[in-house]
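Have a look at the structure below, then the notes.
Read the figures in this text as sums done on the coordinates, not as results from a lab. Computed from a prediction, not measured in an experiment: that's the story for all the values here. Note that each Cβ is placed from the backbone with ideal geometry, even for glycine, and that neighbours are counted across all protein chains shown.
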Amino acid sequence: MRGLYLEGAGWDQRNSCLVEAEAMQLVCPVPAIHFKPSVTRKRTTKGMYSCPCYSYPVRSGGPGGPSFVVSVDLQAGAATPEHWVKRGTALLLGL
């Protein structure tokens, strides 16, 4: 999937993990993500942030219903996953 944007954090291309956003940067483009469907769910590994993905920036929903789409596991980087929860970090499909 291409065209995703990260809100509340930045993306480190070299280490493929979350980092603090640059000053005055509201959203950060994310490289393409390949989703692989599977029947069994593996255990969450340490250092992974389960990032919610929304179809549009209004997270509560819109006229068509809720905007939540899926949770995407991202490397938390140097910070803990709880840090990104407090920051409200989320992926957006459209701006």
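Structure summary
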| item | result |
| --- | --- |
| When residues of the stretch 38-95 are limited to those that are hydrophobic (A, V, I, L, M, F, W, C) and in a loop (DSSP other than H, G, I, E, B), the one surrounded by the most Cβ atoms within 10 Å (Cβ to Cβ) | 76 |
| Hey, residue 26 crowded, with 17+ Cβ neighbours inside 10 Å, touching a residue at least 12 places away in the same chain (Cβ under 8 Å) and aliphatic (A, V, I, L, M) or not | no |
